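Contents: one structure, followed by commentary.
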Amino acid sequence: MDFDYIVRNVPGQGANLDEFTIDFEGCTCMDECTFNSCSCLRFGQNYDDEGRLLHAIGSTVPLLECHENCSCVTRETTCGNRVVQNGVKFQLEPFYLKNKGYGLRAGEFIKAGQFIIEYAGEIISRDEAIKRSENKSPNDHNYILTIVEHVAGKERLTHIDAKKKANLARFINHSCEPNLRPYVVRSDCIVPHFGLFAMRDIQSGEELTYDYGELSKEQLISQKGKPCLCGAANCRGILPASLF
Ligand SMILES: C[S@@+](CC[C@H](N)C(=O)[O-])C[C@H]1O[C@@H](n2cnc3c(N)ncnc32)[C@H](O)[C@@H]1O
């Protein structure tokens with residue numbers, strides 16, 4: 001439980017600092033930012049009036065929020081296209097589970113589509129991610145999350161290590177039948193945010209979980225890996241563990 005609390009990603013070993021600079025052109029909306037007028041919403045409206053995600057579950061369209069360079073910066077508390085950047089709005093509670101270590105649960109009722117938290121940590125290079133995972137014993141918890149994106153025919157990997165610098169998202173366990181869905185979100189710079197949204201209504205006290213991803217080819221063949229203890233009827237049996 002020993003880590004420095006941060007609210008958003010910070011550059012770590014090997015990170016490209018240029019990717020953290022505020023770079024995107026902003027929208028020029030004089031009024032409300034909507035699908036018809038706002039250049040940040042060219043892929044579609046992101047949120048409803050209550051800040052709930054509108055994209056269909058399973059959509060791969062990138063989610064772009066308004067930012068520092070947008071004219072709505074003067075209305076940033078009311079602009080409806082700023083949700084992930086405004087941070088956690090619900091009571092979230094770390095708690096101890098015998099078999100999985102710590103987990104995170106909802107401290108209040110949360111409606112489907114609401115933003116819960118982003119997985120924040122140190123952004124590190126691929127080499128550093130390999131080095132850190134090699135230095136870990138197989139039974140240690142893994143806190144390195146890799147975002148895989150396909151941009152213009154190329155694979156783009158972002159490694160987020162929440163071991164030493166993190167927010168409460170580091171406590172969220174995997175489930176093969178999760179109640180949260182991750183979404184890649186960008187606002188001001190190239191470095192993506194890993195936003196977690198409620199897939200359905202969540203009751204106070206329910207453990208929050210998301211699916212850590214597909215099993216790698218090697219895992220599918222060998223069926224080796226950490227046993228998954230999510231308890232879901234459709235449990236795949238092992239924890240998705242591939243870094244890349
Ligand atoms: C990001 S951490 C989650 C928080 C962690 N349980 C803790 O105590 O800090 C990921 C690690 O939690 C454990 N874990 C998460 N989901 C699990 C599951 N469904 N079954 C077994 N272990 C799980 C694994 O050790 C995994 O590497």
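Could you identify the single residue in G87, G103, G44, G80 that is over 19 Å from R181 (Cβ atoms) and among the small types (G, A, S)?
Criteria check complete, one pass: G80.
Among the strands (runs of 3 or more DSSP E) lying completely within the range 116-175, list those that include at least 2 residues that are in contact with a helix residue (DSSP H, G or I) (Cβ under 8 Å, 6 or more places away or on another chain) and more than 16 Å from F3 (Cα to Cα).
So the answer is 154-161.
Could you run through the range 40-55 and say how many residues are over 15 Å from H67 (Cβ atoms) and assigned to a loop (DSSP other than H, G, I, E, B)?
The qualifying residues number 10.
Closer than 18 Å to S187 by Cα, at pLDDT below 95 and basic (K, R), is that true of R75?
It is true that R75 is closer than 18 Å to S187 by Cα, at pLDDT below 95 and basic (K, R).
Every residue in the range 178-195 that is more than 22 Å from I123 (Cα to Cα) and part of a loop (DSSP other than H, G, I, E, B), please.
P178, N179
Can you name the residue in the range 196-209 that is outside any loop (DSSP other than H, G, I, E, B) and away from the ligand (no atom under 16 Å from the Cβ) and is also nearest to E65 (Cα to Cα) among such residues?
If we take residues in the range 196-209 being outside any loop (DSSP other than H, G, I, E, B) and away from the ligand (no atom under 16 Å from the Cβ), then F197 is nearest to E65 (Cα to Cα).
Would you point out which residue out of F90, F109 is over 30 Å from K226 (Cα atoms), surrounded by 15 or more Cβ atoms within 10 Å (Cβ to Cβ) and aromatic (F, W, Y)?
F90
Name the residue that is farthest from F109 (Cα to Cα), counting only residues in the range 169-188 that are near the ligand (Cβ under 10 Å from one of its atoms) and of a type in the set (A, V, I, L, M, F, W, C).
C176
Filter the range 99-115 for residues that are assigned to a strand (DSSP E or B), away from the ligand (no atom under 12 Å from the Cβ) and among the small types (G, A, S) and give the result.
A106
Here are Y119, Y102, Y47, Y96: which of them is aromatic (F, W, Y), over 21 Å from R8 (Cβ atoms) and surrounded by 13 or more Cβ atoms within 10 Å (Cβ to Cβ)?
On inspection, the qualifying residue turns out to be Y102.
Looking at Y96, is it within 22 Å of E65 (Cα to Cα) and within 16 Å of the ligand (Cβ to nearest atom)?
No: the conditions fail for Y96.
Checking the condition of a type outside the set (D, E) and free of Cβ contacts under 8 Å to residues at least 12 places away in the same chain, which residue from A152, A198 passes?
Sole residue among the options that is of a type outside the set (D, E) and free of Cβ contacts under 8 Å to residues at least 12 places away in the same chain: A152.
What are the residues in the range 166-180 that are of a type in the set (D, E, K, R) and crowded, with 19+ Cβ neighbours inside 10 Å, if any?
R170
Return the pair list, or none, for Cβ contacts closer than 9 Å from residues in the range 225-244 that are on the phi > 0 side of the Ramachandran plot and at pLDDT below 90 to residues that are in a loop (DSSP other than H, G, I, E, B) and surrounded by 12 or more Cβ atoms within 10 Å (Cβ to Cβ), at least 6 apart or on different chains.
G225/L215; G225/S216; G225/G237; G225/L239; G225/P240; G225/A241
Examine the range 210-224 for a residue that is out of contact with any Pro (no Cβ under 8 Å at 6 or more places or on another chain) and either crowded, with 21+ Cβ neighbours inside 10 Å or part of a strand (DSSP E or B) (or both), and state whether such a residue exists.
No, the range 210-224 contains no residue that is out of contact with any Pro (no Cβ under 8 Å at 6 or more places or on another chain) and either crowded, with 21+ Cβ neighbours inside 10 Å or part of a strand (DSSP E or B) (or both).
Just for the range 122-154: of the residues that are more than 16 Å from the ligand (Cβ to nearest atom) and under 20 Å from E214 (Cα atoms), which one is surrounded by the fewest Cβ atoms within 10 Å (Cβ to Cβ)?
K154
Could you go through the range 20-28 and let me know if any residue there is crowded, with 16+ Cβ neighbours inside 10 Å, within 23 Å of R200 (Cβ to Cβ) and at pLDDT 85 or above.
No: zero hits.
The values are calculated or read from the model by the stated rules, or taken from the named source; none is laboratory data. Just so you know, these numbers come straight off a predicted model, no measurement behind them. Don't worry about glycine lacking a Cβ; one is built from the backbone with ideal geometry, like all the others, and counts go over all protein chains shown.
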